[in-house]
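Presented below is the structure to which this report refers.
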Amino acid sequence: MRVEILDWGCRIVSIRVPDKHGKLIDTVLKYKAIADYKKDEHYLGCTVGRYANRIENGKFNLLNSGIQLSRNEAGKNHLHGGFIGFDKKYWELTSRTENSLEMQILSPAGDEGYPGNLIVKVRYEVSEDNILTIIYHAKADAATIVNITNHSYFNLSDNRESIDDLQLQVNAEYYTPLSDLHLPVPPYRKKVKNTIFDLTTFKSVHTLKEKIGNINYCIEPSDQVQRVATILDVDTGRRLTISSDYPGIQIYFGNHLSGKFKPFQGLCCEPHYFPNSPNVNIYPSALLLPGDQYKHHIKYSFENF
């Protein structure tokens, strides 16, 4: 297994794993030139923060104080940390071994409107059994919100031109209904049973991609890292299992990919807190208080079958 990490956005550039014949194949979308990442509009492989996903109108209340964040999505909502989120900054390499590296960034108070100085560390670890583990740490000197994830686009096929041949399973009984602006709407949680969103068994991505497009699933609460989603490519016999201790996972079929990529060329599976959770009381809280430690894990496990 070979993983390449770029300091611009603390992003995954490549995840190469052996196929059935031992040949290393890449499993994520990437630009041909490193310089292209400076112009990236699709968050390709990056670390997303301070808050992944959307916050309605960029507003929320924090301990009875109103907070206004930048509104970088068509002047309406706050998306993926704002105009200059974690994806558009250089990260500092703080440690490196043969099978791991760690990067760090300081997000100062007022950054995109967020309160408090926030120190974030991201650790990438690879194992001999083809598992990539990402560990997120963060601490703040004032109350704030934090929701960090990775935005890689996966494609396990040989031609890497489309995700149509993939199959997807998500270990969730509930999803968050979304408006046309991709914001949660009442009743805020709905059962997947008897809906297009039921991915408790494997479904063809080809039949889902345009009907779903983008959706967040609610994972049963657990303090442990647990399996949340699995991607299969039956033609190549490749399987990716995604595990996490986050309460949700966003599934995005890449329908808005453009430029050097085609729509539906990569599939995002992003464990994180729910969209707009600071404004929906029934959702798990993304609040981080001074003295507390933010810590979450994402694991990508690759296998041939």
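Checking the structure you have, find out if any residue of the range 267-282 is among the acidic types (Asp, Glu), farther than 23 Å from Glu56 by Cα and in contact (Cβ under 8 Å) with a residue 12 or more places away in the chain. Scanning the range 267-282 turns up no residue that is among the acidic types (Asp, Glu), farther than 23 Å from Glu56 by Cα and in contact (Cβ under 8 Å) with a residue 12 or more places away in the chain. Screening the candidates Ala35, Ala52 for the property of being at negative phi, of a type in the set (A, V, I, L, M) and surrounded by 17 or more Cβ atoms within 10 Å (Cβ to Cβ) yields one hit, Ala52. Scanning the range 263-295 for residues that are in a strand (DSSP E or B) and farther than 13 Å from Ile145 by Cβ yields a count of 6.
If you go through the range 197-225 and keep only what is surrounded by 15 or more Cβ atoms within 10 Å (Cβ to Cβ), assigned to a strand (DSSP E or B) and either without any contact (Cβ under 8 Å) to a residue 40 or more places away in the chain or out of contact with any Phe, Trp or Tyr (no Cβ under 8 Å at 6 or more places or on another chain) (or both), you end up with just Lys203. Listed by first and then second residue, the pairs linking a residue in the range 241-257 that is under 17 Å from Leu79 (Cβ atoms) and in contact (Cβ under 8 Å) with a residue 12 or more places away in the chain to a residue that is among the charged types (D, E, K, R) and part of a strand (DSSP E or B), with Cβ atoms under 6 Å apart and 6 or more places separating them unless they lie on different chains, are Gln250/Glu270. Considering the range 287-300 alone, what residues qualify as being of a type outside the set (D, E, K, R) and surrounded by fewer than 18 Cβ atoms within 10 Å (Cβ to Cβ)? Correct list: Leu287, Leu289, Pro290, Gly291, Gln293, His297.
Residue by residue, here is whether (1) assigned to a helix (DSSP H, G or I); (2) over 26 Å from Cys269 (Cβ atoms); (3) modelled with pLDDT of 95 or more; (4) small (Gly, Ala, Ser) holds:
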residue	(1), (2), (3), (4)
Ile12	no, no, yes, no
Ile15	no, no, yes, no
Gly45	no, no, yes, yes
Asn57	yes, yes, yes, no
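Test Ser301 against the stated conditions and say whether it is polar (S, T, N, Q) and touching a residue at least 40 places away in the same chain (Cβ under 8 Å). So Ser301 fits the description; yes.
Here's the yes/no breakdown for (1) within 15 Å of Asn155 (Cβ to Cβ); (2) touching a His at 6+ places or on another chain (Cβ under 7 Å):
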residue: Ile12; (1), (2): yes, no
residue: Arg16; (1), (2): yes, no
residue: Ile25; (1), (2): yes, no
residue: Cys46; (1), (2): no, yes
residue: Gly49; (1), (2): no, no
residue: Arg54; (1), (2): no, yes
residue: Asn57; (1), (2): no, no
residue: Phe60; (1), (2): no, no
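Would you check if there is a residue in the range 173-182 being under 27 Å from Pro115 (Cα atoms) and either in a loop (DSSP other than H, G, I, E, B) or without any contact (Cβ under 8 Å) to a residue 12 or more places away in the chain (or both)? Yes, some residue in the range 173-182 is under 27 Å from Pro115 (Cα atoms) and either in a loop (DSSP other than H, G, I, E, B) or without any contact (Cβ under 8 Å) to a residue 12 or more places away in the chain (or both).
Filtered by the rule that a residue be charged (D, E, K, R), over 23 Å from Ile196 (Cα atoms) and modelled with pLDDT under 95, the range 211-254 gives Asp223, Asp235. Only one entry in Ser157, Ser152 is assigned to a loop (DSSP other than H, G, I, E, B), touching an Asp or Glu at 6+ places or on another chain (Cβ under 6 Å) and hydroxyl-bearing (Ser, Thr, Tyr), namely Ser157. For the range 227-244, the count of residues that are within 14 Å of the chain's Cα centre (by Cα), part of a strand (DSSP E or B) and surrounded by fewer than 22 Cβ atoms within 10 Å (Cβ to Cβ) is nonzero.
For every residue, the table says whether it meets (1) surrounded by 14 or more Cβ atoms within 10 Å (Cβ to Cβ); (2) out of contact with any Lys or Arg (no Cβ under 6 Å at 6 or more places or on another chain); (3) in contact (Cβ under 8 Å) with a residue 24 or more places away in the chain; (4) more than 24 Å from Tyr37 (Cα to Cα).
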| site | (1), (2), (3), (4) |
| --- | --- |
| Tyr90 | no, yes, yes, no |
| Glu98 | no, yes, no, yes |
| Met103 | yes, yes, yes, no |
| Asn130 | yes, yes, yes, yes |
| Ile134 | yes, yes, yes, no |
| Asn150 | yes, yes, yes, no |
| Leu156 | yes, no, yes, no |
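The values are calculated or read from the model by the stated rules, or taken from the named source; none is laboratory data. The model shown is predicted, which means the values in this text are computed figures rather than measured ones. Because the Cβ atoms are built from the backbone with ideal geometry, glycine has one as well, and the counts that use them run over all protein chains shown.
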